[in-house]
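To keep things clear, I will list the structure first and then write my remarks on it.
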Amino acid sequence: MARGKLRIYIGAAPGVGKTYAMLDEGWRRRERGTDVVVGFVMTYGRPKTIAQLRDLEQVPPRRVRYRNREWEELDVDAVLARRPQVVLVDELAHTNVPGCRHTKRWEDIEELLDAGIEVISTVNIQHFESLNDVVNQITGVVQRETVPDAVVRRADQIELIDMSPEALRRRMAHGNIYPADKIDAALGNYFRVGNLAALRELALLWVADRVEDSLQDYMTARGLLGPWETRERVVVALTGASGSEDLVRRAYRMARRSRGDLLGVHVVRDDGRAKPGERRLSRDRALLEELGGSYHEVLASDIPSALVEFAGAQRATRLVIGTTRRSRLGELLRGSIINRVIRLAHIDVHVITTNAPPSARPAGPRIRLWPAGQRRRSLFGFGIAAAVLPVLTFALARGSAIRPGHAGPVSPAQGFLAYLALTVVVAAVGGAIPALATAVVSAAAVDWFLMRPYGTFALARGSDAVSILAFILGAGVISVVVERAARHRLAADRARDESDAVMSLAHRLAGPNPPRAVLEEIHAALGRESVALQVRQQDRWITEATVGEPAPGAEPERYALRTGQVLAMTGRPLHEQEQRLAAALVSYLEAVIAMDRLQGQANTAAELAHTSDLRAALLAAVSHDLRTPLASIKALATTLLEPDVQWSEQDTHEFLATINAEADRLNKLVENLLDMSRLQSGVLRLSRQAVGLDEVIPAALASLSQSPREIVVDVPETLARVDVDPALLERAIANLVDNALRHCPEDTPVRICAGEVGGRVDLRLIDRGPGIPAAQRERLFEPFQRFGDAENDTGVGLGLAVARGFVDAIGGELTVEDTPGGGATMVISLPIAADQPSSSSPTAPEPTPAVGSVPKLARPT
């Protein structure tokens, strides 16, 4: 069932005449004979609106009781039962009373559209979800009833009911909108000239944007545009702070005006801290996806770097972040995320002021001695130092001069070397900070236990102080070098893993399903629980392909693709270093999807071209080959029916014989056309069974309509039975023999012989005609080909094509060979039936005659 069309009248404010225009359109449709009913209309007691209803048929509203009051709502079931062609439904953004089937009226309208009913509705600009915050700033009124912009944009026709602010205020003053007791309050508040002018401008801009979309679609469909510029991508940073809905809406308007994509990103700290504003973040995500954007989460320790890296990985052109109300002292102590983002970013950064109170803002990152991502590693390094330092110090102290009678003394230089080795180990494991702490503690231990005077930090010589400082400095340099080497090794390992993933993907792209190969590689390379390719249809996500378990749930991480689809992933948030690999794999996915679509379009174009060629050939055949026998039959039948001429019995018999022959010829042409149609449509049904060729060949020869000719059949009765469909094999043999008879000289018989070769049965049809060049043998079996035909009225060129199709369908193989001494040999290779004895070599008994057949059968010579 075709989906119904949606027409929407948009107004800048109440009272501009949307409902009146809707009813007027309903009357115009009714006068043209269209079945129109009023599903639901809000007249608000306005006399002109009530008069415009006139005698239009109205579906009784559904009455719902809620909070001790009875409410009227659109009765969807009644409209579906009435099933008109067009239904008028007012107030698209209306929220239904609890107890109705749907929460919103636009959802009721979607159900009517799915049922094939055309709907005409109305809505004001202040109810658009993307403009909700702007309308609030202009009018000071919070609109609780909103409709997603995507619902309105999907409408087949949108019409703006425009009216100047002055005219609308005059209509208000005349009592045509609100009752008299509300006019003064409305004119002094919502219906002020400035408010109406701003709302009117919003409506005009929104409709102009929609018109530009339609124009671009029209020009693109007709190839009127040149190369597209790079598509803009707007990234908005989501924090879960109060007032972030304004940030999402502002970013959406930026993306919409530039015809770009909208991406929302939330940075999750990898230090185990809970997300602030979890509930508000879910609300922001829902709003983002409702406006057509995609949501992403990034696991990182440094928020500004993560935002900038994510924007770079997504090839974004703008980054939108919200301001904070942090004090100057707070910025000095905790740092400024905004300033760091501006310094790091190489794209446009938009800082948007929101209306959130200072207390509602999540605290920024505190100044840390080391990144949170290194904490676990650093703690491990401190643990090693805490465990080894006491043991090493005890060992060195027991061998020193303060322990007479024990092992030989240990010099301070030897102690420094031992502690330096420990510092290098700690640096390799835990990084520079634990290593520096270990070096300082080690220097203190050397001073206390190995330098005179023992048991005190006092130094006897100035050179000892130099030694300690040199040790600390050297240990610090070595620690930094070791840590950098470790980081470079990790980066090299990560780059190697990325290159391995890309190389593995490149090898797998040669497979039969490149898009799924990319999904599998993303699933493996990024460690996702599940990866899916989805597309949004009618506010629902439809999964086209998925890899992994379980399938993406209600809130996966989504990447918007340029192909109009979305890559949905579930699992832990991606780390900031993984964003680059994810972006590369997403680019591969976009490329292979585009290539797959292009290949599909190319295949479709090739099929259409082939179908067009077949259609042209069929028309040519019908115009001549089918008309020729019909013309003969018509002429002879008309001659016999002529009342003024008395034909002799011999003439009449000749006429009837010719009519019979032409009818047989016409029947043969029609059968071939029907057979080719069955083969190309794939509706051929097989009835396989074990059958002997000595049973099939006589039936095939009996169906021939050629003039009596000599045909030599050499098929042993002991030949193994074949597993085929007898009817199809019979038709294939008849077409091949008929073709051989047309090309074989009159005094030369057509030979049919068979034998078992290599576990199969080969049936050979031999003629002594002109033969077939090797370059034309494959084209020989194409439809509507007539190579070497002396006349153009011998058929439509389908006999060999039908024979090849039937042989292929029964599991055989039809090939062409040269006949020694001149001519062509058609070879049909057939599978032997299971559990059938096969002869070791073909014998040559007397040929089996074709009972009731026209051709004369001769013994083999």
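The values are calculated or read from the model by the stated rules, or taken from the named source; none is laboratory data. Remember, predicted model here, so these are calculated numbers, not experimental data. Positions of Cβ are generated from backbone atoms using ideal geometry, with glycine treated the same way; all protein chains shown enter the neighbour counts. Just so you know, the surface numbers come from the protein's heavy atoms only, side chains and all, with ligands and any DNA or RNA stripped out. Shrake-Rupley method; radii C 1.70, N 1.55, O 1.52, S 1.80 Å.
Below are the figures for this structure:
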{"item": "Area of ARG101 that stays accessible when all protein chains are in place (1.4 Å probe, Å², to 10)", "result": "120"}
{"item": "Solvent-accessible area of PHE449 with every protein chain in place, 1.4 Å probe, in Å² to the nearest 10", "result": "60"}
{"item": "R0 of 35 Å, Cβ-Cβ distance ALA51-ARG3: FRET efficiency to nearest 0.05", "result": "0.55"}
{"item": "Nitroxide proxy distance, nm - points 7 Å out along Cα→Cβ at ALA594 and GLU695", "result": "6.1"}
{"item": "Rounded to the nearest 10 Å², the accessible area of GLU107 at probe 1.4 Å", "result": "60"}
{"item": "Region 451-493: radius of gyration over Cα atoms, expressed as a fraction of 2.2 N^0.38 Å", "result": "1.81"}
{"item": "Computed lengthening from ALA395 to ASP818, 0.36 nm per intervening residue step minus Cα-Cα distance", "result": "142.5 nm"}
{"item": "Along principal axes, Cα extents of region 66-122, largest first, whole Å", "result": "36, 22, 15"}
{"item": "Spacing of the two label points (7 Å from each Cα toward its C-beta) at ALA150 and VAL193, in nm", "result": "4.2"}
{"item": "Cα centre as origin, Lys/Arg/Asp/Glu Cβ charges: region 1-119 dipole, Debye", "result": "220"}
{"item": "Rough spin-label spacing in nm, given labels placed 7 Å along Cα→Cβ, for ALA774 and THR103", "result": "7.4"}
{"item": "Phi-based couplings in Hz for region 30-35 (Karplus 6.51, -1.76, 1.60; Gly and Pro marked x)", "result": "5, 5, 8, x, 7, 7"}
